[in-house]
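A quick write-up on the structure given underneath.
The values are calculated or read from the model by the stated rules, or taken from the named source; none is laboratory data. Remember, predicted model here, so these are calculated numbers, not experimental data. Positions of Cβ are backbone-derived with ideal geometry, glycine not excepted, and every protein chain shown enters the neighbour counts.
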Amino acid sequence: MMLSPQLHKILAVAFFLLPFCAQGKPAGFFSKFSFKPFFGDRSNNGDELQIPDLPPLAGNEHGDAIQQLEHRISRLEGVLRLNKMITESGGKIFATNGKKANFDDTVEKCKEAGGSIAAPRSPGENDAILYFVKYFNTYAYLGIKQSLIPGRFQLLNGAQLSYTNWYPNEPSGKGEEECVEMYTDGTWNDKKCNKNLLIVCQF
């Protein structure tokens with residue numbers, strides 16, 4: 001018995017957000033949701049994170065342990081949704097830790113978490129990313145980069161864009177702006193890759 005792909009995604013999201021949540025009060029983010037850290041408080045010595053209200057895994061059968069783990073992950077998904085830390089569209093889960101980075105570091109952070117930099121392929125996915133961009137009132141990089149042809153853009157895996165949402169008269173960098181950012185209205189702009197923008201990953 002194996003974990004479903006959806007539960008694998010939630011587990012990856014959890015590890016991506018773990019350092020963010022474990023601080024107890026996540027750097028002022030999500031304060032209007034009266035956020036309490038799902039991952040618990042540090043113990044008195046400050047070394048160990050305690051996960052509240054979760055009974056230990058029990059049972060001798062491997063299948064029983066996996067069922068219990070799936071249940072815990074499902075509960076985690078509910079907490080993350082309730083606290084507006086994840087959005088979902090098109091079978092993808094989108095998440096942010098509220099931090100900023102340049103394009104290359106954003107790609108690396110998302111990869112380390114088991115995901116990839118967010119790259120919308122539909123209006124619904126664009127809206128899922130836009131949620132975070134609006135919430136933090138800042139721009140975010142997308143997983144789209146200029147191809148070998150100046151002014152032409154593609155997904156990072158080289159696939160052509162089947163969906164775009166360019167701001168009027170964009171892209172306009174004439175080959176000098178190789179990355180793509182999302183504005184707070186959901187439209188896109190070509191941009192140099194060295195600015196620090198909001199990290200949004202997809203899983």
Would you say residue 134 is over 24 Å from residue 10 (Cα atoms) and over 14 Å from the mean Cα position of the chain (by Cα)? no
Single residue of segment 100-141 satisfying the filter (hydroxyl-bearing (Ser, Thr, Tyr) and modelled with pLDDT of 95 or more) that is surrounded by the fewest Cβ atoms within 10 Å (Cβ to Cβ): 122
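Results for (1) of a type in the set (Lys, Arg); (2) within 15 Å of residue 193 (Cα to Cα), shown as yes or no for each residue.
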position	(1), (2)
110	no, no
121	yes, no
132	no, no
147	no, yes
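Looking only at segment 167-174, decide whether some residue is over 16 Å from residue 117 (Cα atoms), in contact with a Pro (Cβ under 8 Å, 6 or more places away or on another chain) and among the small types (Gly, Ala, Ser).
No.
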Filter segment 81-138 for residues that are part of a helix (DSSP H, G or I) and acidic (Asp, Glu) and give the result. 104, 105, 108, 112, 125, 127
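Just wondering, is there one or more residues in segment 92-114 that are over 21 Å from residue 16 (Cβ atoms) and either not assigned by TED's automatic domain parsing to the domain that holds residue 17 or not hydrophobic (A, V, I, L, M, F, W, C) (or both)?
no
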Only unsatisfied item for residue 184, checking (1) among the β-branched types (Val, Ile, Thr); (2) touching a residue at least 60 places away in the same chain (Cβ under 8 Å); (3) out of contact with any strand residue (DSSP E or B) (no Cβ under 8 Å at 6 or more places or on another chain), is (2)
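Identify, from the list 174, 195, the residue that is at pLDDT below 95 and either among the hydrophobic types (A, V, I, L, M, F, W, C) or surrounded by fewer than 19 Cβ atoms within 10 Å (Cβ to Cβ) (or both).
Only one candidate qualifies: 174.
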Cβ-Cβ distance below 6 Å, separation of 6 or more or different chains: which pairs start in segment 139-168 with a residue that is farther than 20 Å from residue 94 by Cβ and end on one that is exposed (fewer than 12 other Cβ atoms within 10 Å of the Cβ)? 154/160
Of the residues that make up segment 44-61, is at least one at pLDDT below 60, over 15 Å from the mean Cα position of the chain (by Cα) and surrounded by 13 or more Cβ atoms within 10 Å (Cβ to Cβ)? yes
Looking at 109, 174, can you tell me which residue is touching a strand residue (DSSP E or B) at 6+ places or on another chain (Cβ under 8 Å), of a type in the set (Lys, Arg) and touching a residue at least 12 places away in the same chain (Cβ under 8 Å)? 109
Which of (1) closer than 18 Å to residue 9 by Cβ; (2) touching a residue at least 40 places away in the same chain (Cβ under 8 Å) does residue 99 not meet, given it meets every other one? (1)
Which members of segment 154-184 meet the condition of being under 22 Å from the mean Cα position of the chain (by Cα) and not in a loop (DSSP other than H, G, I, E, B)? 154, 155, 166, 179, 180, 181, 182
